[in-house]
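The values are calculated or read from the model by the stated rules, or taken from the named source; none is laboratory data. Quick caveat: nothing in here was measured; it's all calculated off a predicted structure. Note that we place each Cβ from the backbone using ideal geometry, even for glycine, and neighbour counts take in every protein chain shown. Remember, those area values only see protein heavy atoms, side chains included, never the ligands or the DNA or RNA. Shrake-Rupley method; radii C 1.70, N 1.55, O 1.52, S 1.80 Å.
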Amino acid sequence: MSQAVIDARVSGLIGRFYEAAADDTLWTGIAADISDTLESTSAVLKLHGADDDIRVLEHTDNLRMADHQQSWAANWHRQDLWVERSARFGVGCIVTDHDLVSPSEQRGSGFYQEWLRALDIFHMVGAVFPGGDGALGVLGIHRPERAGAYADADRHKVSILLPHLQRAFWLGGQFAKAAAHRALADETLSRIDAAVFAVDARCRIVSANARAEALLRAGLHLFGGRGRLRLADGALDQCMTRQVRACVQTAQGHAAAIGAALTIPRAERLPLTMIVAPLPPSALFGPAATARPLALVMVRDPEASTLATDCLRDLFGFTRMEAIIAADLAGGLSLDAVARRRGIGGATVRSHLKRILTKTGTHRQAQAVALIARSVAGLNKDCAFLP
């Protein structure tokens, strides 16, 4: 194989490492390419963590084990003589089997007799490296005895690949953490019982959760025309705009006076309430993830249905009707109002309330209402938000 072809293969592998860092499905097939580049028969990428936790991330097909062989393979991955001695030799050092063990010692070891020989492996070149979160990353490249030992030229190729592989592992871990953070933030916003907007200094909407989008679709008190968050009441809209600008300045690191909150009146209904808070760049997530500071606008509806009755039944052992009445009471309705809404008598509602008190271990209606209203039943993302 010409040097130009080898150099092209090494460069191509390095590019694939970084592509796989961004999309871990792209690690598939990389072990085979590493093996081919080193004119070998097998290769493995794995992580050795604490408490004998072994994760084989990618390997060539000849290292694939049938289901009945999995425990056997896991045992020898844990007792990998080469990994143990490579770690003592030096993390990040390129080693071959000859650096770690003599041919006669290797042949007499259980590692060879019960593992390597079955796989037709005798020679190795590779390294161990920091794998993140205290784990030890392992790159092992192998060939049979008849193929001959690895030479300095093979060490050199691995020495070129290893820093990029290590960097790709680190980047992949960072991307995974960021993705988990975004997923957590998105799921939290989908469940919070408030409409949440991320807006810039001109009140242009950068991101909004499902309740916020429902509020905009209703178009009664808040609007999102031309991508800008606006209030129907002109004076309140100006007040909100001032608060947003002050919060963006604060998010930029400048001291600014921030208004506490706003009340948005509704005819013959309880008002919506709004609060505006700074959203610094370090706190951004999802579609709002930019370098610019923003403001967080949160709106709550005191009349919104935010308690999942199925969840209340699981939490407290309520019957279906008890859960419905409990949710009504936690939503601020009186006993008489519940009776009118549900088309039942007041005595029936009071009877249900007694059982609700018993099942929640409370002694007064106010205690039961506080417990139910602040329970995790309010974290149901499918509850309605009624503007």
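Among the residues of the range 155-170, just one is small (Gly, Ala, Ser) and buried (at least 19 other Cβ atoms within 10 Å of the Cβ), namely ALA168. Residues considered: HIS98, HIS68. Of these, the only one that is loosely packed, with under 14 Cβ neighbours inside 10 Å, part of a helix (DSSP H, G or I) and not aromatic (Phe, Trp, Tyr) is HIS68. Inclusion of VAL56 among residues that are crowded, with 18+ Cβ neighbours inside 10 Å, hydrophobic (A, V, I, L, M, F, W, C) and in a strand (DSSP E or B) is not warranted. Residues that are open to solvent by 60 Å² or more (accessible area, probe 1.4 Å), of a type in the set (S, T, N, Q) and within 30 Å of ASP24 (Cβ to Cβ) occur at least once in the range 174-186. With respect to the conditions (1) assigned to a helix (DSSP H, G or I); (2) surrounded by fewer than 20 Cβ atoms within 10 Å (Cβ to Cβ); (3) in contact with a Phe, Trp or Tyr (Cβ under 9 Å, 6 or more places away or on another chain), ASP193 lacks only one, and its number is (1).
Taking the conditions exactly as written (modelled with pLDDT under 95, open to solvent by less than 70 Å² (accessible area, probe 1.4 Å), under 24 Å from ILE160 (Cα atoms) and in contact with a His (Cβ under 7 Å, 6 or more places away or on another chain)), does ALA87 satisfy them or not?
no
Of the residues LEU220, LEU215, LEU229, which is closer than 30 Å to LEU307 by Cβ and open to solvent by 30 Å² or more (accessible area, probe 1.4 Å)? So the residue among LEU220, LEU215, LEU229 that is closer than 30 Å to LEU307 by Cβ and open to solvent by 30 Å² or more (accessible area, probe 1.4 Å) is LEU220. Cβ-Cβ contacts under 9 Å between residues 6 or more apart (or on different chains), taken from a first residue in the range 41-57 that is closer than 20 Å to ASP120 by Cβ to a second residue that is of a type in the set (Lys, Arg) and surrounded by 12 or more Cβ atoms within 10 Å (Cβ to Cβ), are listed as THR41/ARG143; SER42/ARG143; LYS46/ARG55; VAL56/LYS46.
With respect to the stated conditions, LEU329 fails to be touching a residue at least 60 places away in the same chain (Cβ under 8 Å), open to solvent by less than 20 Å² (accessible area, probe 1.4 Å) and either outside any loop (DSSP other than H, G, I, E, B) or not basic (Lys, Arg) (or both).
Among the residues of the range 4-17, is there at least one that is within 19 Å of PHE129 (Cβ to Cβ), modelled with pLDDT under 90, surrounded by 14 or more Cβ atoms within 10 Å (Cβ to Cβ) and of a type outside the set (Phe, Trp, Tyr)? Checked against the condition, which is being within 19 Å of PHE129 (Cβ to Cβ), modelled with pLDDT under 90, surrounded by 14 or more Cβ atoms within 10 Å (Cβ to Cβ) and of a type outside the set (Phe, Trp, Tyr), the range 4-17 yields at least one hit.
Just one of the listed residues (ALA147, ALA185, ALA153, ALA176) is over 26 Å from ILE264 (Cα atoms), among the small types (Gly, Ala, Ser) and modelled with pLDDT of 95 or more, namely ALA147.
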